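J.: This structure is in structure tokens; I'll ask about it shortly.
The values are calculated or read from the model by the stated rules, or taken from the named source; none is laboratory data. Predicted model, so just to flag it, every value in this text is computed and none were measured. Neighbour counts are summed over all protein chains in view; Cβ atoms, including those assigned to glycine, are modelled from backbone coordinates with ideal geometry. Side chains are part of the model used for accessible areas, which takes the heavy atoms of the whole protein and leaves out ligands, DNA and RNA. Shrake-Rupley method; radii C 1.70, N 1.55, O 1.52, S 1.80 Å.
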Amino acid sequence: MWAVLGIAALTFSATLTLAQAVPVVTGDARVDKLLSQMTLEEKLKLIHGTQEDPVAYQGQAGYLAGIPRLGIPGLRFADGPPGALTRHPSSAETTTMGVAATFSIKDAEDNGIVIGREDRALGIDVSLQPFVNIVRDLEFGRAYNTFGEDPFLTSQIGVAEIKGIQSQHVMAQVKHYVAYDSDSSNIFLDDQTLHEIYVAPFDAAVKAGVSSIMCSYNRVNGTFACGNESTLTKILRDEIGFKGFVTSDW
């Protein structure tokens, strides 16, 4: 009996020591364990990406090599919208504004399915779309990439496309978070406008289970969107409850 108790005590002690040796960074035990096993070089590789082998490179937007020794796969990121933008021929899907003009959630989801299927066929893991920014400036150079000026319609069409893309086992990356509706580098807006117009489509995307989000180039009330604690932490993580990953724009 004492021998059994002794073995149990040693096992418990070893388990406790192992648990204490893994720093809590994210709160996810599996992720924290992997982080504790990674070298600084490997962590940096996952932050800023690497050059893909020229033999396999498709001219896509980005590539993360992964960490093979820890079973972390690499990721290929292809730009959009619409479609999968690489150096290889692919389908030319309906332009985003054209999809929104249908006012059809089914058509939007079908469009997402085609995009996701194309990404999958090309070996793309993350599809950098849908583009759910709101048209508020007639001179905005990327207005043609949006679904229009209405946050409700944008939310509905965006969610449908996300579901379509991700049904093909490809991660969607909704963009650009947040208030990227102008060629201006600094957007000033009040809290109600930020939530009801600009954040609304991203809120809907998170509720639909979108895998990832791209933060925008611009400043929001003086602070860069990709380093904005108010929008990235307070709103996106704490209020909306987003659990996926965020990347900066290219």
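J.: Give the average over all directions of the projected area of the C-alpha convex hull of the chain, one decimal, in nm².
T.: So the mean shadow area of the Cα hull is 17.1 nm².
J.: If we count every other residue with Cβ under 14 angstrom of Lys207's Cβ, Lys/Arg +1 and Asp/Glu -1, where does the sum land?
T.: 0
J.: Count neighbours as other Cβ atoms within 10 Å of each site's Cβ, and list the trypsin sites (Lys or Arg not before Pro) in segment 154-247 that are DSSP loop with at most 16 such neighbours. Don't jump to the answer; show the numbers that get you there.
T.: Working: sites: Lys163, Lys175, Lys207, Arg219, Lys234, Arg237, Lys243; in loops: Lys243.
Those satisfying the criteria are Lys243.
J.: Then there's this: Dipole magnitude of segment 112-242 about its Cα centre, charges +1 at Lys/Arg Cβ and -1 at Asp/Glu Cβ only, in debye to the nearest 20? Intermediate results must be reported in sequence, preceding the final value.
T.: Details: 10 positive and 17 negative charges, 93 e Å.
Charge dipole of segment 112-242: 440 debye, to the nearest 20.
J.: Also, I was wondering about something else. Give, rounded to the nearest 20 debye, the magnitude of the charge dipole that segment 18-62 has about its Cα centre when Lys and Arg contribute +1 at Cβ and Asp and Glu contribute -1 at Cβ.
T.: Working: 4 positive and 6 negative charges, 31 e Å.
The dipole magnitude comes to about 160 debye.
J.: What translational diffusion coefficient, in µm²/s and rounded to a whole number, does the Stokes-Einstein relation yield for segment 44-122 at 20 °C and a viscosity of 1.002 mPa s, taking the hydrodynamic radius as the Kirkwood radius over Cα pairs?
T.: On the way: Rh = 14.2 Å.
For the chosen part, D equals 151 µm²/s.
J.: With unit charges on the beta carbon (Lys/Arg positive, Asp/Glu negative), name the residue among Ser167, Ile197, Asn186 whose Cα is farthest towards the positive pole of the charge dipole of segment 159-218.
T.: The residue sitting most towards the positive pole is Ser167.
J.: Taking the simple approach of a point 7 Å from Cα along Cα-to-Cβ for both Asp110 and Arg69, what is their distance in nm?
T.: Label-label distance for Asp110 and Arg69, simple model: 5.0 nm.
J.: Let me ask another. Mind scanning Lys106/Lys234; Lys43/Lys163; Lys43/Lys234; Lys33/Lys243; Lys106/Lys163 and naming the pairs with a C-alpha gap bigger than 22 Å? Before the final figure, lay out the partial values.
T.: Working: Lys106/Lys234 33 Å; Lys43/Lys163 30 Å; Lys43/Lys234 25 Å; Lys33/Lys243 18 Å; Lys106/Lys163 10 Å.
Those over the limit are Lys106/Lys234; Lys43/Lys163; Lys43/Lys234.
J.: Also, quick follow-up: In whole Hz and in residue order, list the ³J(HN,Hα) couplings for segment 71-88 that follow from phi through the Karplus curve 6.51 cos²θ - 1.76 cosθ + 1.60, θ = phi - 60°; x for Gly and Pro.
T.: The phi angles translate into x, 8, x, x, 10, 9, 10, 10, 6, x, x, x, x, 9, 9, 9, 7, 8 Hz.
J.: Separate question: Once amide H atoms are built 1.01 Å from N in the peptide plane, which residues 5 or more positions from Gly66, or in another chain, come under 5 Å H to H?
T.: Leu75
J.: Okay, next question. List, in order, the whole-Hz ³J(HN,Hα) value for each residue of segment 201-214 obtained from phi through the Karplus relation with A = 6.51, B = -1.76, C = 1.60 and θ = phi - 60°; use x for Gly and Pro.
T.: x, 6, 4, 5, 5, 5, 4, 7, x, 4, 6, 8, 9, 9
J.: Within the chain, what percent of beta bridges assigned by DSSP are antiparallel, to the nearest 5? Please report the intermediate quantities before stating the final value.
T.: Working: 7 of 22 bridges.
If I count the DSSP bridges inside the chain, around 30 percent turn out antiparallel.
J.: Hey, another quick one. In debye, nearest 20, what is the charge dipole magnitude of the chain about its Cα centre with +1 on Lys and Arg Cβ and -1 on Asp and Glu Cβ, if you could check? Walk me through the numbers before you get to the answer.
T.: Values: 19 positive and 29 negative charges, 193 e Å.
For the chain, the charge dipole is close to 920 debye.
J.: What's the extension gain from Glu239 to Glu41 if we count 0.36 nm per residue and subtract their Cα-Cα distance?
T.: Numbers: separation 198, 0.36 × 198 = 71.28 nm, distance 3.31 nm.
Taking 0.36 nm per residue and subtracting the Cα distance, the gain is 68.0 nm.
J.: Next question, about the same structure. Carbon and sulfur together cover what percent of the accessible area of the chain at a 1.4 Å probe radius?
T.: Values: 7820 of 13400 Å².
That share works out to 58 percent.
J.: What net charge do the residues around Ser155 carry, taking every other residue with its C-beta under 13 Å from that of Ser155, with Lys and Arg at +1 and Asp and Glu at -1? Mind showing how you got there, number by number?
T.: Numbers: positive: Lys163, Lys207; negative: Glu149, Asp150, Glu161, Glu196, Asp203.
After counting each charged neighbour, the total is -3.
J.: How large is ³J(HN,Hα) for each residue in segment 47-63, as worked out from phi by the Karplus curve 6.51 cos²θ - 1.76 cosθ + 1.60 (θ = phi - 60°), to whole Hz, x for Gly and Pro?
T.: For segment 47-63, the Karplus-derived couplings read 7, 10, x, 9, 7, 7, 3, x, 5, 9, 4, 10, x, 6, 4, x, 8 Hz, x marking Gly and Pro.
J.: What translational diffusion coefficient, in µm²/s and rounded to a whole number, does the Stokes-Einstein relation yield for segment 127-250 at 20 °C and a viscosity of 1.002 mPa s, taking the hydrodynamic radius as the Kirkwood radius over Cα pairs? Could you put the intermediate results ahead of the total?
T.: Details: Rh = 14.1 Å.
It comes out at roughly 152 µm²/s.
J.: Using 17 Å as the cut-off for backbone N distance, which residues of segment 116-136 belong to the label zone defined by a point 7 Å from the Cα of Thr26 along Cα→Cβ?
T.: 126
J.: Starting from the Cα of Asp249, step 7 Å toward the Cβ, then list every residue of segment 104-138 with an amide N under 18 Å from that point.
T.: 127-138
J.: If one computes the Cα centroid of segment 171-235 and of segment 57-94, what distance in Å separates the two points?
T.: With segment 171-235 and segment 57-94 each reduced to a Cα centre, they are spaced 23 Å.
J.: Considering only protein heavy atoms, what per residue accessible area in square angstrom results for the chain with a 1.4 angstrom probe?
T.: On the way: 13400 Å² over 250 residues.
Accessible area per residue: 54 Å².
J.: Okay, next question. Taking Cα pairs under 8 Å and at least six residues apart, what relative contact order does the chain come out at, in percent?
T.: Details: 442 pairs, mean separation 34.0, N = 250.
Result for the chain is 14 percent.
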